[in-house]
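A.B. asks: I'd like to ask you about the structure that follows.
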Amino acid sequence: MSKPDELLVDVATLVESGQSNQMSLTVVTGGAVITGRLAPEAVWRQRVSEVLTDSARLGDFAAIFTSTTPREGPPTHLHFHVARILQGTVGIPETGGMYRVSIADVGAWTMGDFSYSDH
């Protein structure tokens, strides 16, 4: 989208203000379908930092995700956790991943997460 969808920005703003991670959303971006739950950016960054800290090879990157300055204005990105990229009838990764998607790059979206089958 050349101009971000105001309604989607409002959804992201509400997630950010409520510090909730229960909003399920599915977006189409760059030809991919991503489905999962949104998290406030601070919560998402903390979780990514924890995962990196636990990694022997990637621990040095953890600090990048914890050193942030609060951003003024409306959210510019959606922060998914427990999310999957839908590919055919399969959701990858199986356990859910952490994705950051620019709101400006979302071409379509719907509330809720899509079902998939890994059979």
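A.B. asks: Residue by residue through segment 44-86, note down the ones that are of a type in the set (Phe, Trp, Tyr) and over 25 Å from Gln22 (Cβ atoms).
C.D. replies: Phe61
A.B. asks: Which of the strands (runs of 3 or more DSSP E) found entirely inside segment 1-114 contain at least 2 residues meeting this: of a type in the set (D, E, K, R) and open to solvent by less than 50 Å² (accessible area, probe 1.4 Å)?
C.D. replies: Those strands (runs of 3 or more DSSP E) do not exist here; none qualify.
A.B. asks: I've got another one for you. Could you give me the residue pairs with C-beta distances under 7 Å whose first residue belongs to segment 64-88 and is farther than 13 Å from Val101 by Cα, whose second residue is part of a strand (DSSP E or B) and β-branched (Val, Ile, Thr) wherever it lies, and which are 6+ apart or on separate chains?
C.D. replies: Note: pairs meeting the criteria are Leu86/Val33; Leu86/Thr35.
A.B. asks: Could you list, in sequence order, the residues of segment 78-111 that are over 13 Å from Arg47 (Cα atoms) and in contact with a helix residue (DSSP H, G or I) (Cβ under 7 Å, 6 or more places away or on another chain)?
C.D. replies: Leu78, Ile103, Val106, Trp109
The values are calculated or read from the model by the stated rules, or taken from the named source; none is laboratory data. A quick note: this is a predicted structure, and the numbers were derived from the prediction, not measured. Please note: Cβ atoms are built from the backbone with ideal geometry, for glycine as well, and neighbour counts cover all protein chains shown. In case anyone asks, the SASA skips ligands and DNA or RNA and just uses the protein heavy atoms, side chains included. Shrake-Rupley method; radii C 1.70, N 1.55, O 1.52, S 1.80 Å.
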